[in-house]
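Input: a single structure, listed below in structure tokens.
Values in this text are rule-based calculations from the coordinates and carry no lab data. Predicted, not measured: the structure shown is a model, and the values here were computed from it. Heads up, the Cβs are rebuilt from the backbone with ideal geometry, glycines too, and the neighbour counts pull from every protein chain shown.
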Amino acid sequence: MNMKSIFLPILILLSGCTKPSEKIIVATAANVQYVMKELKAEFEKESGKEIEVVVSSSGKLTAQIREGAPFDVFVSADTKYPEEIFKNGGSDIEPKIYAYGTLALWSLTIPENELNLNVLNSDKVKKIALPNPKVAPYGEAAIQALTKQGLLEPIKSKIVYGESIAQAAQYITTGNVEAGFTALSVILAPEMKGKGHYTVIDSTLYNPIAQAALLLRHSENSPKRETSQKFYDFLFSPKAKAIFKKYGYK
């Protein structure tokens, strides 16, 4: 066997290893994780391109983006974090609102006819799950609603904070708390079907949860730019809007 025949397979292997990946990475706020599964499947079917989804609170994802995380699109639970990234040079395009979220109160054991904000101040509820308002916009909305109803101080000692809306939902679905706040999109997910009871919180009690997406600069000069742009545009398409609506977004 000559040297050429030995090295040729190695060169082919190495060239395959160094080819940059075209799979885009979508940083996704925890309240969007279930709807993102449908969006991902639909987009991959239409485009033939792959997506990797990274889920966390909007605040934590923003911190990771600041530190150089290789995300291509940021799907946030608010407008504040994407605007901050844009202003600091993380994108050339201003963030755009893709949907408005809905806050809900959720419980495994308390029936709908008794499930309201006032029940949180009763003996029926010992612990209340709430996403950390410092990093999770739905947690901030819950604090606003409780404050407007004069309930925050009386129930403060009952509150258990989750790092994200996903962790707060876990506290509720495992029965570690009697009730908790989450996004309606989480409750309406197929994975949560039949789990407990919920009531939608009056939207006048909290600031609108405008959720924005941002096309990040990371993919600007990479082979992923075209796919990133296509997915970003897809988020605002009629097909995506119909999926968001199914999960309780406005």
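Do the sum for the chain: with -39,500 (n - 2.57) for every DSSP H run of n ≥ 4, divided by all residues, what is the mean residue ellipticity at 222 nm, to the nearest 500 deg cm²/dmol?
-11000 deg cm²/dmol
Relative contact order for the chain: what percent, with Cα pairs under 8 Å and sequence separation of 6 or more?
RCO, the chain: 29 percent.
Please rank I93, I155, I128, fewest neighbouring Cβ atoms within 10 Å first, as an exposure proxy.
I93, I155, I128
What's the FRET efficiency of K87 with K134 using the Cβ-Cβ distance as r and R₀ = 25 Å, to the nearest 0.05?
Rounded to the nearest 0.05, the efficiency is 0.80.
If you count, for each residue, the other Cβ atoms within 10 Å and average over each peptide, how do 157-170, 226-239 line up from highest to lowest?
157-170, 226-239
Cα axis of helix 137-148 to longest principal axis of the chain: angle in degrees, 0 to 90, nearest 10?
Tilt of helix 137-148: around 20 degrees.
Please give me the summed charge of the neighbours of F86: other residues whose Cβ is under 9 Å from its Cβ, Lys and Arg +1, Asp and Glu -1.
Summing Lys/Arg as +1 and Asp/Glu as -1 gives -3.
Give me the percent of DSSP beta bridges within the chain that run antiparallel, rounded to the nearest 5.
50
Using the Kirkwood radius built from alpha carbon pairs, what does the Stokes-Einstein equation give as D for the stretch 102-205 at 4 °C and 1.567 mPa s, in µm² per second?
So the translational diffusion coefficient is about 99 µm²/s.
Quick check for the stretch 102-205: number of Lys pairs with alpha-carbon distance under 25 Å, counting only pairs 8 or more apart or on different chains?
Close lysine pairs found across the stretch 102-205: 22.
How large is log10 of I(q)/I(0) for the chain at q = 0.09, 0.12 Å⁻¹ when the intensity is taken from the Debye formula with one equal scatterer per alpha-carbon?
The Debye formula, applied to the Cα set alone, gives -0.44, -0.70.
Relative to the longest principal Cα axis of the chain, at what angle does helix 33-47 sit, 0 to 90 degrees, rounded to 10?
The answer is roughly 30 degrees.
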